[in-house]
Amino acid sequence: MGTFNITAFWLVLMLWLPHGLSMGNGQSNSNSNSCSASVLEARRFFELENELLRKRYHEKFLSVYTYNTNVTEENRQAMIEINARNAEFNKRLAQRIKASDYVQSEDADIRRQAEHLSKLGASALNPDDFLTLQNAISSMQTNYATVTVCSYTNRTDCTLTLEPHIEERLAHSRDPAELSWYWQQWYDKAGTPMRDHFAEYVRLTRKAAQLNDHRSYADYWLQFYEDADFERQLDATFKQLLPFYRQIHGYVRYRLRQHYGPDVMPAEGNIPISLLGNMWGQSWSEQLDLFTPYPEKPFVDVKAEMVRQNYTVEKLFELGDQFFQSLGMRALPPSFWNLSVLTRPEDRQVVCHASAWDFYQDSDVRIKMCTEVNNNYFYIVHHELGHIQYYLEYEQQPAVYRGAPNPGFHEAVGDVIALSVMSARHLKSIGLIENGRLDEKSRINQLFKQALTKIVFLPFGYTMDKYRHAVFRNELDESQWNCGFWQMRSEFGGVEPPVFRTEKDFDPPAKYHVDADVEYLRYFAAHIFQFQFHKALCTQAGQYAPNDSRLTLDNCDIFGSKVAGRSLSQFLSKGSSRHWKEVLQEFTGETEMDPAALLEYFDPLYQWLKQENSQLGVPLGWGPTNKISSDCCGTFST
Ligand SMILES: [Zn+2]
């Protein structure tokens, strides 16, 4: 995840995996006590089918991994062939379950398995359509993985890749023309040429949704959350967070204006994404030095310290592995170290977008990413290792339950660990900084830096699927697919492209998850859940107490707490065998997604920003962007 866009393989897996719903009926196998002949017969049926499913996943993920770590036409074709074969198996299994009475079984676990396995995504399509869809998706992925752009300073050198070349320029250049150049090069090449493939993808996913009796593919995605009210809760959560985001947005725009002047950054309106240090504007911390609240209190340069101490990529993964082990959780198996691809290979094209993989056999789990030694990748390493730990913890579950009960949970595990790892207390303990307790000004600086990833991400994460939902539901006419995208980015996040965009451009596929058919609300949900998890684990570890200035959420480190580790392990090991509200309640005592813990974590910064912005007379909010045609569709207010 270049920045934090992270991952995802299991996510892709979650989309292919027929997931079901029906909330509240989840009981683990052990709770079922019926011994009737029909229940025993059903159990034998699912035992056998789960084992066959596991073997199919094993074969499938090996082929997908081979393609992702060696992007060739041959590997793409081999992957599509196996996917097509698996789709047929899934379809036949779903048909057999539908023809049986398993969904009405007296046994809750059998009902849950039957419901999960009889829901089909794209597998419901006929073989020709399925193949066409797979071709559209993998063509977009191949393009994303292989795009290169031309250098700003040497226009004849057109070999620059996103990771690391373009990311490095976006993070370090302070020349608005250069930043805009790289932004436009990327969107023109990674986005626009993919319009036809994306249109094909939309056409066929609509067809799949119809075959599955869903109103739209958006509704197919939303069913992963097993809660008919979840979409409304997302809207309500976003509204709760917006006042805090507006304070950050206003402050950053003010500081950008101070640095670049009013021609580049006017006092009011949307912020050009290219000035924010990240290709999609989903994280703004790379340009932190322009916004630091107290510049006289410099940040310790963690990257420089890593370099000084001769950190290697392996060392970053070892630190993550040690953290999980300190909690009493599993060590990474030898196959992880032998079979993962942790740096960009020189001799072939790979999909660099970071991802974590479960091969459904013999604890074979791997990571594929183009890691570099710096602070951002240090975080991504932990994010990906969270997926790996989840895979290991639910390994004993039947194949149908080897996933998270809420898509947001899988994305939150590594992030929770990273919240501890990035605390001053922990960075001191591993020798990367000298002071483990921050004074008030340094604490505001530190919280601000965190907010530039965690809070700034929220409007972005929210918009990605608000947009795709509107496309899937045909609420956005195809003639307005591009301007509608920017209208939403502007309305929800107050950001805009650095140059005028028309319908001749097509920008959504410039983001990996759009190409790869990965549902994105999971990341929004994960950003809320991770603070709920963090608060629960810190409490269990005795590292957090309300109103105790020595034990705050933002300086909690659960390293070494076996109590917290046991609790996390129990939570993860259930996989998706039960409804997410039940396992969440056992873990944190809560039954809903709730931003209260996140707001508590950041409250000192929120109070500071309100006061500072008011004193400086900083305007808040923004109007519509003028970087798209003024006759674009209406607004999308939630
Ligand atoms: Zn992830």
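The values are calculated or read from the model by the stated rules, or taken from the named source; none is laboratory data. These numbers come from a predicted model, not from an experiment. Neighbour counts run over all protein chains shown; Cβ positions are idealised from the backbone, glycine included.
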State which residue is nearest to the ligand (Cβ to nearest atom) when the search covers only segment 520-571 and only residues that are of a type in the set (K, R) and within 25 Å of A404 (Cβ to Cβ). R522
Take segment 389-411 and flag every residue that is out of contact with any Asp or Glu (no Cβ under 8 Å at 6 or more places or on another chain) and either hydroxyl-bearing (S, T, Y) or not in a helix (DSSP H, G or I) (or both). Y390, Y394, E395, Q396, Q397, Y401, G403, A404
Pick from segment 275-301 the residues that are within 27 Å of L537 (Cβ to Cβ) and more than 24 Å from the chain's Cα centre (by Cα): which of them is modelled with the highest pLDDT? F299
Determine, yes or no, whether Q322 is polar (S, T, N, Q), surrounded by fewer than 20 Cβ atoms within 10 Å (Cβ to Cβ), away from the ligand (no atom under 16 Å from the Cβ) and in contact (Cβ under 8 Å) with a residue 40 or more places away in the chain. no
Return only the number of the condition from (1) surrounded by fewer than 19 Cβ atoms within 10 Å (Cβ to Cβ); (2) outside any helix (DSSP H, G or I) that H214 does not satisfy. (1)
Would you confirm, using the coordinates I've provided, whether P293 is assigned by TED's automatic domain parsing to the domain that holds Y379 and without any contact (Cβ under 8 Å) to a residue 60 or more places away in the chain? no
Tally up the residues in segment 299-353 that are small (G, A, S) and under 29 Å from I444 (Cα atoms), please. 2
Take segment 405-428 and flag every residue that is away from the ligand (no atom under 16 Å from the Cβ) and free of Cβ contacts under 8 Å to residues at least 60 places away in the same chain. M422, K428
Search segment 382-404 for residues that are closer than 14 Å to M369 by Cα and modelled with pLDDT of 95 or more and pair each with any residue that is in a helix (DSSP H, G or I) and more than 13 Å from the ligand (Cβ to nearest atom) when their beta-carbon atoms are under 6 Å apart and the residues are at least 6 apart or on different chains. H382/G320; H382/V421; L385/G320
Within segment 527-580, residues surrounded by fewer than 19 Cβ atoms within 10 Å (Cβ to Cβ), assigned to a helix (DSSP H, G or I) and not aliphatic (A, V, I, L, M) come out as K562, R566, S569, Q570, S573
Identity of the residue in segment 528-546, of a type in the set (A, V, I, L, M) and without any contact (Cβ under 8 Å) to a residue 60 or more places away in the chain, that ends up farthest from P604 (Cα to Cα): A541
Number of the condition not met by R402 [criteria: (1) within 15 Å of the ligand (Cβ to nearest atom); (2) crowded, with 24+ Cβ neighbours inside 10 Å]: (1)
Only one of S363, S355 that is within 12 Å of the ligand (Cβ to nearest atom), touching a residue at least 24 places away in the same chain (Cβ under 8 Å) and either within 28 Å of K55 (Cα to Cα) or not assigned by TED's automatic domain parsing to the domain that holds F529 (or both): S355
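Go through the residues of segment 127-144 one by one and say whether even a single one is assigned to a loop (DSSP other than H, G, I, E, B) and surrounded by fewer than 16 Cβ atoms within 10 Å (Cβ to Cβ).
Scanning segment 127-144, I find no residue that is assigned to a loop (DSSP other than H, G, I, E, B) and surrounded by fewer than 16 Cβ atoms within 10 Å (Cβ to Cβ), so the answer is no.
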Of all residues in segment 487-505, which are surrounded by fewer than 24 Cβ atoms within 10 Å (Cβ to Cβ), over 19 Å from the mean Cα position of the chain (by Cα) and either under 24 Å from T146 (Cβ atoms) or of a type in the set (A, V, I, L, M, F, W, C) (or both)? M488, V499, F500, R501, K504, D505
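Applying the selection to segment 494-523, what residues are farther than 29 Å from Q240 by Cβ and part of a loop (DSSP other than H, G, I, E, B)?
Within segment 494-523, P498, V499, F500, R501, T502, E503, K504, D505, F506, A516, D517 qualify.
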Checked V341, V307, V350 against criteria (away from the ligand (no atom under 16 Å from the Cβ), more than 19 Å from L568 (Cβ to Cβ) and either in contact with a Cys (Cβ under 8 Å, 6 or more places away or on another chain) or among the basic types (K, R) (or both)); the one match is V350
Close pairs (6 angstrom Cβ cut-off, 6 or more residues apart or separate chains): assigned by TED's automatic domain parsing to the domain that holds Q282 in segment 159-184, acidic (D, E) anywhere: P164/E372; A171/E286
Which residue out of N135, N75 is more than 26 Å from E372 (Cα to Cα), modelled with pLDDT of 95 or more, of a type in the set (S, T, N, Q) and in contact with a Phe, Trp or Tyr (Cβ under 7 Å, 6 or more places away or on another chain)? N75
